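Enquirer: Before anything else, here's the structure in question.
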Amino acid sequence: MVLDNIDLSVPPRDLTAIVGPSGCGKSTLLRIVLGQDTPLAGEVFVYGDPVMRPDLSRGIVYQNYSLLPHLTVLQNVLAGDRLRHSVFWRTTGEYRAKRDEAMQFLKKAGIAEHAHKYPAQLSGGQSQRVAIVQTLFQRPKIVLMDEPFSALDPSTRENMQLWLLELWREYQLTVFFVTHDLEEACFLGTRLVALSPYYTDDRGDDPRVMRGSKVVMDVPIRHAGRISPPSVKETAAFGEMIEHVRRNAFDPTHRQHVERFELLYQYSWHTLTADESHPKT
Amino acid sequence: MYKPPRIFGIYAEPNGARWILAALPFVILVAGYAVTSEMMHAATPDEKLFPTFGQMANTMWRLATETNKGAGQILLWTDTVASLGRLLCGVYIAAAIGLVLGVNMAMFPGFRATFAPFITFLSIIPPLALISILLIALGVGEVSKVTLIFFGTVFVITRDIYLATLAIPIEQTVKALTLGATQLGVVYRVILPQIIPRLLSAVRLALGSAWLFLIAAEMIAASDGLGYRISLARRLQNMDVIYPYVLWITLLGFMLDTILRRLTSWLYPWYTSDNSKS
């Protein structure tokens with residue numbers, strides 16, 4: 001079992017950052033929300049509607065493979081609109097209007113000069129910029145991001161983080177951001193959710209108890225809409241927060257008890273299964 | 001200043017000598033043959049096994065320019081057109097069907113469950129063992145030869161396309177779905193276009209065995225074609241026909257391969273640049 005009884009809701013316009021030690025199921029959680037994986041039990045809702053398979057309501061930016069290799073940058077951005085119309089749509093005026101809109105978007109993202117290149121010809125940072133433009137161009141209700149900046153070098157990465165924050169504020173995005181990098185999560189998120197398999201509960205210490213990851217921390221980071229400069233990463237408070245999360249979520253020797261999980265986020269709520277609250281004797 | 005070795009060792013940089021080195025085995029082969037044939041002819045003047053280059057050139061000139069009295073045609077070109085027609089026809093049908101089967105098998109589990117075991121079964125049949133069946137069932141005309149080439153190449157192509165499609169990351173499918181594509185849209189408008197250049201390289205590989213089946217079929221039942229001419233020449237021990245014909249077939253194969261390779265990089269620049277990167 002990878003995930004254990006996850007109960008999580010993401011309010012609109014939040015940038016929820018999910019962290020956790022490697023192998024804890026962050027990406028599994030994201031794939032379940034996306035519909036790429038099916039959970040053994042449970043459901044996913046977007047604005048109250050149950051969703052199953054991947055569809056337009058949830059956009060995705062992967063670490064790799066987000067772009068279709070046989071299309072140019074511009075065609076990739078237009079891919080969604082083209083796939084939703086017939087092959088003859090490209091001859092219509094509507095298409096030309098969309099194309100101009102896509103070019104505007106690429107210009108704003110600073111990659112207009114690469115519009116006619118293929119993904120294989122782009123650098124890592126450029127690819128991810130295009131991938132984000134491609135996803136946002138469809139106006140999904142929620143944007144899922146699976147370690148989108150993890151393969152980038154540090155300076156490109158910081159640029160991309162700031163750019164994402166700008167986009168988030170400008171378009172009032174709802175973002176679900178998975179990363180293994182605590183610093184990135186604390187810098188980007190308005191809310192930090194820590195998933196971890198390291199906790200104890202009333203099921204006892206028997207190794208046969210299959211303990212999947214749970215949400216062990218859920219804290220607000222800053223008020224939505226306020227973007228911190230990167231220099232915030234140098235402050236003592238930022239460092240303390242990182243240490244705090246690291247201890248409670250990443251340290252296998254330090255295990256919180258389920259009932260004492262720190263769930264300070266106003267919308268978070270967490271339920272125990274019958275097994276956990278009434279252990280079998 | 002450091003000068004790297006020209007030829008020997010793992011640090012060798014042949015550079016300019018590359019062409020000379022590449023030509024060397026050819027030169028040795030040709031020179032060895034020339035010496036052998038001259039020596040044999042010196043011993044026995046009507047030697048047939050090792051015709052001299054002059055004899056071969058004369059014969060080929062005759063076959064390529066003069067109208068044959070019996071057939072009323074220029075033999076080399078009639079043979080070439082007949083053989084290439086059969087070859088391309090068989091491989092083209094095999095490519096089309098292999099593409100459809102491979103992509104659908106990889107993308108639709110239901111389709112895969114239905115056809116994968118059957119295709120595996122068929123692919124194990126040695127195509128040459130089918131020659132007799134094909135000749136009896138389809139007659140000695142063009143259909144049986146094209147069918148043999150089709151049967152000999154379609155499964156290799158299907159398997160290659162199937163594996164190539166499976167190797168496309170699942171993320172591409174999910175991505176296309178989140179962009180609003182339908183299931184059929186994903187398969188035929190996102191996956192299929194990415195596979196076409198791969199089909200061209202699968203065809204390049206399959207052409208090797210296609211030639212094998214073509215020549216085999218023509219040797220057994222045909223009245224024209226490069227393979228027929230070779231088997232006819234074998235009966236008359238006309239080695240001055242056989243050697244140039246083999247060389248001509250090699251040249252045709254090389255040309256087809258080059259055309260397909262150029263076509264791939266011209267039509268699908270993203271595929272080539274993707275390859276050169278890895």
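Enquirer: What number of residues in the range A:45-103 are more than 24 Å from the chain's Cα centre (by Cα) and among the small types (Gly, Ala, Ser)?
Expert: Of the residues in that region, 3 qualify.
Enquirer: Here's a follow-up. Being among the β-branched types (Val, Ile, Thr), closer than 30 Å to B:ARG198 by Cβ and more than 24 Å from the chain's Cα centre (by Cα) narrows it down to one residue among B:THR114, B:THR67, B:THR158; which is it?
Expert: Selected residue: B:THR114, the only one of B:THR114, B:THR67, B:THR158 that is among the β-branched types (Val, Ile, Thr), closer than 30 Å to B:ARG198 by Cβ and more than 24 Å from the chain's Cα centre (by Cα).
Enquirer: Count, please, the residues in the range B:157-179 that happen to be part of a helix (DSSP H, G or I), closer than 30 Å to B:VAL91 by Cβ and within 14 Å of chain A (Cβ to nearest Cβ).
Expert: 4
Enquirer: Among the residues of the range B:101-113, which ones are surrounded by fewer than 16 Cβ atoms within 10 Å (Cβ to Cβ) and in contact with a helix residue (DSSP H, G or I) (Cβ under 9 Å, 6 or more places away or on another chain)?
Expert: If the condition is that a residue be surrounded by fewer than 16 Cβ atoms within 10 Å (Cβ to Cβ) and in contact with a helix residue (DSSP H, G or I) (Cβ under 9 Å, 6 or more places away or on another chain), then B:PHE108, B:PHE111 are the ones that fit.
Enquirer: Something else: Does at least one position in the range A:159-178 carry a residue that is exposed (fewer than 15 other Cβ atoms within 10 Å of the Cβ) and under 26 Å from B:GLN194 (Cβ atoms)?
Expert: no
Enquirer: Another question about this same structure. How about the range A:36-66: which of its residues are outside any strand (DSSP E or B) and at the interface with chain B (Cβ under 8 Å from one of its Cβ atoms)?
Expert: Of everything in the range A:36-66, those that are outside any strand (DSSP E or B) and at the interface with chain B (Cβ under 8 Å from one of its Cβ atoms) turn out to be A:GLN36, A:ARG53, A:PRO54, A:ASP55, A:LEU56, A:TYR62, A:ASN64, A:TYR65, A:SER66.
Enquirer: Step by step: first the residues of the range A:110-121, then only those that are away from chain B (no Cβ under 11 Å) and surrounded by 18 or more Cβ atoms within 10 Å (Cβ to Cβ), then the one that is nearest to the chain's Cα centre (by Cα). Which residue is that?
Expert: Looking at the filtered set, the residue picked out is A:ILE111.
Enquirer: Modelled with pLDDT of 90 or more, within 13 Å of chain B (Cβ to nearest Cβ) and buried (at least 18 other Cβ atoms within 10 Å of the Cβ), is that true of A:SER127?
Expert: Against the criterion (modelled with pLDDT of 90 or more, within 13 Å of chain B (Cβ to nearest Cβ) and buried (at least 18 other Cβ atoms within 10 Å of the Cβ)), A:SER127 qualifies.
Enquirer: Moving on to the next point. What single numbered condition from (1) under 21 Å from A:SER22 (Cβ atoms); (2) in contact with a His (Cβ under 7 Å, 6 or more places away or on another chain) fails to hold for A:ASP181?
Expert: Single failed check for A:ASP181: (2).
Enquirer: Within the group B:ILE196, B:ILE230, which residue is surrounded by fewer than 21 Cβ atoms within 10 Å (Cβ to Cβ) and closer than 24 Å to B:ALA116 by Cβ? Steps first, answer last, please.
Expert: Numbers: B:ILE230 fails: closer than 24 Å to B:ALA116 by Cβ.
Answer to the selection: B:ILE196.
Enquirer: Only one of these is in contact with a Pro (Cβ under 8 Å, 6 or more places away or on another chain) and over 13 Å from B:LEU101 (Cβ atoms): B:LEU177, B:LEU166, B:LEU184, B:LEU200. Name it.
Expert: So the residue among B:LEU177, B:LEU166, B:LEU184, B:LEU200 that is in contact with a Pro (Cβ under 8 Å, 6 or more places away or on another chain) and over 13 Å from B:LEU101 (Cβ atoms) is B:LEU177.
The values are calculated or read from the model by the stated rules, or taken from the named source; none is laboratory data. Nothing here was measured: the structure is a model prediction, and the numbers come from that model. Here Cβ is always computed from backbone atoms with ideal geometry, including for glycine, and neighbour counts include all displayed protein chains.
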